[in-house]
Each structure stands twice: as structure tokens, then as C-alpha cells.
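Since the structure comes first, as C-alpha cells, the remarks are kept for the end.
Values in this text are rule-based calculations from the coordinates and carry no lab data. All values derive from a computational prediction rather than experimental measurement. Every residue, glycine among them, receives a Cβ derived from its backbone with ideal geometry; neighbour counts consider all protein chains shown.
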Amino acid sequence: MHKAICLIIIMLCTCALYAQSPKTENDSTAVKNDSLSKREFIKQLGNGFFPTKFLDLDMRYLVKFNQYEGLRTGLGGVTNDAFSETYRINSYVVYGFKDHRFKYKIGGGFRVNEATQTWVNLSYTDDLQETGSSNFLTDKRFFSFFEPRLLNIDLFHKHITKAVSVEHKFSNKLLSELEFATSKIEPTYSYIFNVDGTLYETFDITSAKISLQWNPFNTEEVNDKGLSIEKEGYPKFTLQLSQSFKNNITGDFNFFKTDFRTVHRFIFNEDTFTEATLTTGLSTGKTPLTHLYHAYPNNITKETILQRFSVAGINSFETMYFNEFFSDRFATLQLKHFVKPFRITERYRPQLVLISRLAIGNMHDIERHENIEFGTLSKGYSEAGFEINRLLFGFGLSFAYRYGGYHLPNLEDNIAVKFTFNVSL
């Protein structure tokens, strides 16, 4: 493991050092692209990368925090076209100061077809993953500058995953990725998965996944400088199908999962719109808790509102407590209505956002999951609230109230008041 970590660090540092080599006066490529460098730099930052000559540093790995690792910091990146247009290296190494453990990924790929941006990728990952999280493969091509929900997560499982994947772009509107992977799973908490009398504290998963990201209404526009810029259109659709295989070597269970998400905006004018996000998930077969679903909770289990004061997520249930619910089938609907910003001054324009969130779910064979207590969403979960964003330096305030079938007896326990943070490049 230490050899692998040293290899990643040496590779990333070497690329970064080469990136600092000065440009000569004869570097015609640099001169030609100088007028576009600032725009490309901002674009790369918006995609989550700090570009250098041969290596784009991935800002997701610089600084993070969660309840299990505490401060998590490290270095990661992917080589760019200046390094090679056909091959790439994509790796990272991080360290958790609370669990005193290194995590890392060694990965790379090669391009098969330039026109369709078809890449074959190989990776070896030793890291943590949040239990109950369901990630779309195609989402890693999109970046969130700040992921506030990560601050409060405490339920993780370790995984050592070997994977091979194929990325393919059918068109500018349809992206796909196919992955085959084997994983060794070890929960960091007390958990037993009871399958027909056989008790699993750790287990192996062999799986195949296919993910499709379809943006049928995206368009390309040419600006006044003659540059083509992609403009987002709605609705957007994401579908992912997963199959886990039981075998005698690297797979303990058979189960099937299907995940779907669609995002739509109802635009009333330039400043006022309503955004609707529908997410569904279904798992059949013998699925351990690690690979089931939560419903994006973001509330710490503490007594008072002030003790629970943290940062609101982007698409999370602010009054739902972590590890309170798990499901093998669920659906959520989140509605956000963005009111026209208040024009206090030319630059200071706070914005009010009205929010309503709904979730429903259930679980078969709940007794299989031992040493952990949780509920289901069979009665339907609901919360409503508002945000006032960009009050100061991108920060704002959020208020949410839990009502309906899972309203709690103590009024204070149904209320969540938090910071918001919004920044765009």
C-alpha cells in the first residue's frame, strides 16, 4: 500500500513540476492560445480542475471533512492533452486525520476513438464510500464546487475495488459509461447481513453497471467572439442499471438495481424559475445495506437546533436525520422555486428560494440487516422551507420544517436551520 501511495505522489508531483517549466518565445502554440487561456482556465476551475501544463489537479481531493475521517486532505489529478491525447493517468491519494488512514486510487485509460470520445479505463481503489449512497457513473464528469452534505456523514464502508470501464459519447446529448468491477466490502460500523442463516460481516461484490446521461435539449450557441458554448436545456435524464453476480470467487450475492433521475426547470423569466428533481431507486435480490438507499438525509442526531446547525445540502432532506431511514425502493421529489433576486445594490442581490421535498420508500426482508436500527419511508416523508442565498460572500441561511407522517412529538426536532453556500464561476 505504501509503495502505491509513494508512486501516486511521485507521479503527481513530477507532472506538476513539469507544468511549471517556462514557455519559450518560440512556443507558437502558447502564443496562439494566449487569448483563450483565461477563458479556458475559468472553465477548468468550473469543472473542478486547476490546470497546469501536463496535469489538471482535481480540487475535490484538496480539503474535505466528515464525521468518520475528520479532516481529509490529499492530492489528485488527471493528465491532459499536453501529456498525451491518447493516454491518461487519473489517480489520487488522501489521508484522514481522525481514522489515521491513507486512501488512494491508481487509475488510467486509453482512447479508442476520438470522434466518440471512447475511453477504456482501469483502476484500483482503496477508499471509503457512504453506506446507502447511490452514485451515477456519469456524474463524475460533472463537478460541484462545494459539497456541504459531506460534512455530516458518519456511516461509511471500506472498499477495495478493481474496475474496468468504457466511456462512450453517442452524441453531445447522450453520454454513457459501462463498468465491470469487483469489490471487497468492510463496514466501519457493527453490521451483519443475514442471508438464509449465513452471517456476513464482510463480503465481496462483483457487478456490472451501465449509466446513461441524456440531455436532449442542450444546445450550442456561438458567442460574439465566435466561440461555441454549450447551453443547458431541460429536462435532463440519467438512468443506471446494475447487476451483482454471485460466484465462488469474488461475488457473495445476486441483486439487481435500477436508478433514475430527471431534472426539469420551468422558466418564467430570466430570473424566476422552478426546478423539479425526481429521483427513484429499486433494488431486488439479496442486497446488503451498503448497497441500498438512503434518501439524502442531512441532519445530525443532536438534541438542540443550535447543535444541529451546519451547512445545508444542494438536494438533501435537511430535517431527516442521518441513518434514520433506508430503503430497497424509494422515490423523492424536490421542488425549488427561485424568486427574482432582491436588487439591494448593483452587486448585492440576495435570492429567496422556496422549497418542498417529498420522499416515499419501503424495504423487503428488513430482518436481514442486523446490529443496526432504522425505519422505512412507507408513510411518506415531507418537509418544506426556504433559503435566502448570497447574503454575504456566497453564504446564506436555510430553514426547513418536517411535517406529515414522520412529524416528531418534540417541535424542535422537526426544525432545521442552517447555512447555505452558493458560488459559481
Practice item. Note down the nm distance, to one decimal, between modelled labels 7 Å out along Cα→Cβ at residue 184 and at residue 237. Key: 4.1 nm
Practice item. Round to a whole angstrom and tell me the spacing of the C-alpha centers of region 150-190 and region 351-414. Key: 26 Å
**Study point:** Spacing of the two label points (7 Å from each Cα toward its C-beta) at residue 115 and residue 392, in nm
**Key:** 5.7 nm
Check your understanding: Which ordering of 58, 139 is given by a fewest-first count of other beta-carbon atoms within 10 Å?
Key -> 139, 58
Point to revise | Sites residue 399 and residue 147, calculated FRET efficiency, Cβ-Cβ separation with R0 22 Å, nearest 0.05 | key: 0.55
Exercise for review: Calculate, in nm to one decimal, what residue 265 and residue 50 gain on full extension: separation in residues at 0.36 nm each, minus their alpha carbon distance.
Suggested key: 74.4 nm
Check your understanding: Among 64/140; 53/105; 173/379; 98/209; 169/336; 64/379, which pairs are too far apart, with a Cα-Cα distance over 27 Å?
Key -> 173/379; 98/209; 169/336; 64/379
Check your understanding: Efficiency by 1/(1 + (r/R0)^6): what FRET value for residue 127 and residue 412, r their Cβ-Cβ distance, R0 = 35 Å, to the nearest 0.05?
Key -> 0.45
**Study point:** Two-site label geometry, residue 168 and residue 84: point separation in nm, points 7 Å out along Cα→Cβ
**Key:** 2.3 nm
Check your understanding: About its Cα centre, how strong a charge dipole does region 115-421 have in debye, to the nearest 20, once Lys and Arg get +1 and Asp and Glu get -1 at the Cβ?
Key -> 780 debye
**Study point:** Sorted by Cβ neighbour density within 10 Å, fewest at the top, the residues 209, 53
**Key:** 53, 209
Review point. To the nearest 0.05, how large is the calculated FRET efficiency for residue 282 and residue 194 if R₀ is 22 Å and r is the Cβ-Cβ distance?
Key: 0.50
Check your understanding: So for 356, 171, fewest C-beta neighbours within 10 Å to most, what's the order?
Key -> 171, 356
